[in-house]
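Only one structure is covered here, and it is reproduced in the block below.
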Amino acid sequence: GQSLEQPSEVTAVEGAIVQINCTYQTSGFYGLSWYQQHDGGAPTFLSYNALDGLEETGRFSSFLSRSDSYGYLLLQELQMKDSASYFCAVRDSPNAGKSTFGDGTTLTVKP
Amino acid sequence: GAGVSQSPSNKVTEKGKDVELRCDPISGHTALYWYRQRLGQGLEFLIYFQGNSAPDKSGLPSDRFSAERTGESVSTLTIQRTQQEDSAVYLCASSLDLPAEAFFGQGTRLTVV
């Protein structure tokens, strides 16, 4: 089976940088994804790492270390609209839509 | 449509009743997924479809849950004899094909009273 751990809450101020960590235990691993979900909204895909290293997409970056079963999401130049829940998710097959999700990290950005 | 559409957006039902939840995927998307999200928790995989077939039903919690897809389009998730523990948001997602990114709908919030 799969299990993922991520912090339940993180608070930061506008303009700052925040890192959300995710560790996982898995019986099969094809990659680590990150999703953003605003309160009451649909989860939105942010990034996907299949190989070790850093992937950068604008203000968001995601990192993966398969040997450490660890990844993180880095959010830079935080904005108020970044306040949301962030989920890491492990793909245990090539099927991108079938993932095991963590319980999410609630990010609160303060002025 | 432009995105994944789910209906109803909210559903309140009495314990023991059956409910049907509908998902209209993005046109042309061959893969369709159902997830459940309990309050304050992550998404729990239920079932996925490739075309009209469901190769993986491993996440369905019990035989009270079933799903079908027709015309490689609309999918219906049916919960029979609903229980209070079925209360959750049920999310549908679709993707162009299996390896591609999945797009989620807004979900159906089911409350069993």
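The values are calculated or read from the model by the stated rules, or taken from the named source; none is laboratory data. Predicted, not measured: the structure shown is a model, and the values here were computed from it. Counting neighbours? That spans all protein chains shown, and the Cβs are built from the backbone with ideal geometry, glycine included. Side chains are part of the model used for accessible areas, which takes the heavy atoms of the whole protein and leaves out ligands, DNA and RNA. Shrake-Rupley method; radii C 1.70, N 1.55, O 1.52, S 1.80 Å.
For this structure, a couple of remarks:
- Close contacts from segment B:28-39, counting a first residue that is farther than 13 Å from B:GLY105 by Cα and a second that is in a strand (DSSP E or B), with Cβ to Cβ under 6 Å and a gap of 6+ residues or different chains, come to B:HIS29/B:SER94; B:HIS29/B:SER95; B:ALA31/B:GLN50; B:ALA31/B:SER95; B:ARG38/B:ALA88.
- Filter result (among the aromatic types (Phe, Trp, Tyr) and farther than 18 Å from B:GLY105 by Cα) within segment B:43-83: B:PHE65
- Among the criteria (1) surrounded by fewer than 16 Cβ atoms within 10 Å (Cβ to Cβ); (2) within 11 Å of chain A (Cβ to nearest Cβ); (3) outside any strand (DSSP E or B), the one B:PRO55 does not fulfil is (3).
- The residues of segment B:58-113 that are assigned to a loop (DSSP other than H, G, I, E, B) and open to solvent by less than 20 Å² (accessible area, probe 1.4 Å), listed by number, are B:GLY59, B:THR82, B:ALA102, B:GLY105, B:GLY107.
- Residue match in segment B:50-59 (condition: of a type in the set (A, V, I, L, M) and within 23 Å of B:LEU39 (Cα to Cα)): no
- When B:SER62 is tested against (1) out of contact with any strand residue (DSSP E or B) (no Cβ under 9 Å at 6 or more places or on another chain); (2) among the small types (Gly, Ala, Ser); (3) within 13 Å of chain A (Cβ to nearest Cβ), only condition (3) is not met.
- Against the conditions (1) at pLDDT below 95; (2) under 11 Å from the mean Cα position of the chain (by Cα); (3) farther than 18 Å from A:GLY41 by Cβ, B:SER75 satisfies every one except (1).
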